[in-house]
1. For Gly60, work out the one condition from (1) open to solvent by 40 Å² or more (accessible area, probe 1.4 Å); (2) within 16 Å of ligand 2 (Cβ to nearest atom); (3) modelled with pLDDT of 95 or more; (4) not hydroxyl-bearing (Ser, Thr, Tyr) it doesn't fulfil.
2. All but one of (1) over 23 Å from the mean Cα position of the chain (by Cα); (2) touching a residue at least 40 places away in the same chain (Cβ under 8 Å) hold for Ile407; which doesn't?
3. Being within 16 Å of ligand 1 (Cβ to nearest atom), at pLDDT below 90 and small (Gly, Ala, Ser) is the requirement here; does Ala107 meet it?
4. How many residues are among the polar types (S, T, N, Q) and either open to solvent by less than 10 Å² (accessible area, probe 1.4 Å) or within 11 Å of ligand 2 (Cβ to nearest atom) (or both) when one looks only at region 266-313?
5. Failed condition for Pro32, given (1) open to solvent by 60 Å² or more (accessible area, probe 1.4 Å); (2) assigned to a helix (DSSP H, G or I), with all others met?
6. Quickly run through region 94-103 and pick out the residues that are within 16 Å of ligand 2 (Cβ to nearest atom), open to solvent by 20 Å² or more (accessible area, probe 1.4 Å) and part of a loop (DSSP other than H, G, I, E, B).
7. Out of all the residues in region 71-85, which are under 28 Å from the mean Cα position of the chain (by Cα) and not in a strand (DSSP E or B)?
8. Would you check if Lys358 is of a type outside the set (A, V, I, L, M, F, W, C) and under 30 Å from Thr135 (Cα atoms)?
Amino acid sequence: MTDTGKYTMNLICIGAGYVGGPTMAMIAAKCPQYKVTVVDINAERIAAWNSEKLPIYEPGLYDVVKIARGRNLFFSTAIADAINEADVIFVSVNTPTKTFGEGAGRAADLQYWEKTARDIIKASTSDKIIVEKSTLPVRTAHAMERILNANDKGIHFEVLSNPEFLAEGTAIEDLKAPDRVLIGSQLTESGLAARNKLVEIYANWVSRDRILTSNVWSAELSKLVANAFLAQRISSINSISMLCECTEASVSEVAKAIGMDNRIGSRFLNASVGFGGSCFKKDILNLVYICESYGLTEVASYWENVVLMNEYQKKRFVKNMIRVMFNTIAGKRIALFGFAFKADTGDTRESPAIDIAKQLVDEHAKVVITDPEAIDNAAKDLQGCLNFVTFDTDPYSAAKGAHAIAIMTEWKCYKDLDYERIYKTMEKPAFIFDGRNILDHKKLYETGFNVYPLGKECWKHF
Ligand code: UDX
Ligand code: UDX
């Protein structure tokens with residue numbers, strides 16, 4: 001089916017986003033025998049993938065792209081041609097939370113997925129394997145299989161679920177050496193054959209004991225559950241950060257003590273101003289919606305509280321700032337250090353900094369935002385309040401004349417700044433609110449700052 005004898009298989013991916021782009025680049029780099037084409041409706045995005053400046057910032061990504069681009073990795077907007085040529089089609093289009101109608105605010109909006117399924121039918125002239133990469137509600141594969149196989153061309157589509165577990169900022173490492181690759185399929189003869197084909201693709205660089213197979217529903221559900229469990233840990237430790245602030249306990253000491261219990265484990269126990277990112281909130285709300293739709297009200301509300309705790313943590317952070325800064329921040333310059341939802345990415349989707357900035361603006365503070373990679377996205381996120389917000393790529397000038405600095409993102413560069421220099425240029429009393437607990441609080445206090453970490457005693461001069 002491939003266009004030339006040069007390649008043994010044609011793989012394509014529809015959706016050149018944070019998931020589709022890096023995943024396919026890794027497959028292409030590891031498997032020169034396959035032709036890998038990534039297509040997208042967004043021509044600007046595709047042009048960026050073909051340029052020196054990729055559309056997303058991800059450490060190590062450019063090096064991987066460079067290995068394969070033009071050799072066996074191609075980025076294109078010719079979606080129909082690519083579909084027609086493909087043996088295997090990965091689908092990684094976005095599945096945002098629905099904003100309208102039934103399930104608004106909770107359910108996944110599957111309109112792009114369904115549209116993609118219809119594009120696939122239209123352009124196909126041969127049997128194909130369709131791989132769900134997008135996070136989808138349980139049983140979507142079933143619905144998609146029905147839509148796809150209702151075609152009147154006599155073409156057979158086999159739908160697999162192969163959720164992606166990469167985290168932004170470490171995507172390349174995660175793809176190179178994944179904890180596991182999960183492939184769900186129907187347990188029919190054709191389902192198992194398709195599953196084996198996908199296993200063989202990953203087995204080019206992932207050891208077979210890390211490639212898990214399951215039925216298709218388990219694979220779909222596992223993705224939602226993995227994200228729900230990860231987010232739950234953060235909400236759990238954030239809830240404890242509040243208790244620590246009321247007592248003389250330190251959340252870092254508590255996290256260390258509990259994390260040394262192998263059954264609990266030490267990762268994902270950093271208290272923060274809140275979790276962000278495109279997946280956690282969306283996937284949990286999706287899980288909540290699914291539980292509700294099966295009448296599991298208590299289960300739904302259990303998981304919904306993970307999101308509610310996260311919302312509360314963000315509100316509480318700003319409330320605390322206002323209380324500490326003498327109950328008013330109106331007219332005060334406040335510098336937000338970091339806007340990305342986590343370090344090492346320019347992505348700001350669901351970043352806690354968005355809510356924090358908006359709350360500060362509501363209080364009439366003058367907000368200045370600095371971030372090494374996310375300024376452009378920040379400006380888009382804050383469209384409605386640009387009169388009250390300024391941007392500065394240099395943290396030193398952002399802090400100049402400010403009453404307070406609030407750390408929003410755990411960028412390493414913020415640990416290494418010269419805070420004595422910064423202190424001298426700020427209004428006094430000068431405050432630091434460390435929403436990620438990354439700074440040396442005692443040293444900052446000695447410099448003259450009033451320091452408010454998360455889940456620990458504060459260091460103040462009055
Ligand atoms: C997306 C989903 O958000 C996530 O739930 C899923 O797990 C993987 O896919 P991400 O790659 O981060 O994650 O999304 P995004 O960066 O928005 O990329 C999606 C791409 O699909 C966009 O470039 C968009 O232009 C493209 N797209 C969307 C199409 O090519 N066709 C469509 O019909 C819709
Ligand atoms: C997550 C999952 O980790 C990944 O497996 C899935 O494929 C997509 O969703 P991502 O959102 O890219 O990945 O980043 P992650 O590292 O999970 O961080 C999510 C949010 O939680 C960030 O805002 C981060 O700052 C926050 N976080 C993480 C904490 O607040 N504390 C922690 O201890 C860890």
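The values are calculated or read from the model by the stated rules, or taken from the named source; none is laboratory data. Being a predicted model, the structure only gives us computed values, none of them experimental. Cβ coordinates were reconstructed from backbone atoms using ideal geometry, including for glycine residues, and neighbour counts include every protein chain displayed. Side chains included, ligands, DNA and RNA excluded: accessible areas come from the protein's heavy atoms. Shrake-Rupley method; radii C 1.70, N 1.55, O 1.52, S 1.80 Å.
1. (1)
2. (1)
3. Here the answer is yes, as Ala107 does meet what is asked.
4. Start the filter on region 266-313 by keeping residues that are among the polar types (S, T, N, Q), which leaves 266, 270, 272, 278, 286, 293, 297, 301, 305, 310, 313.
Restricting the remaining residues to those that are either open to solvent by less than 10 Å² (accessible area, probe 1.4 Å) or within 11 Å of ligand 2 (Cβ to nearest atom) (or both) gives 266, 270, 272, 278, 286, 310, 313.
Matching residues across region 266-313 total 7.
5. Only one criterion in (1) open to solvent by 60 Å² or more (accessible area, probe 1.4 Å); (2) assigned to a helix (DSSP H, G or I) is unmet by Pro32, namely (2).
6. Asn94, Pro96
7. Asn72, Thr77, Ala78, Ile79, Ala82, Ile83
8. On the way: of a type outside the set (A, V, I, L, M, F, W, C): yes; under 30 Å from Thr135 (Cα atoms): yes.
So Lys358 passes the test.
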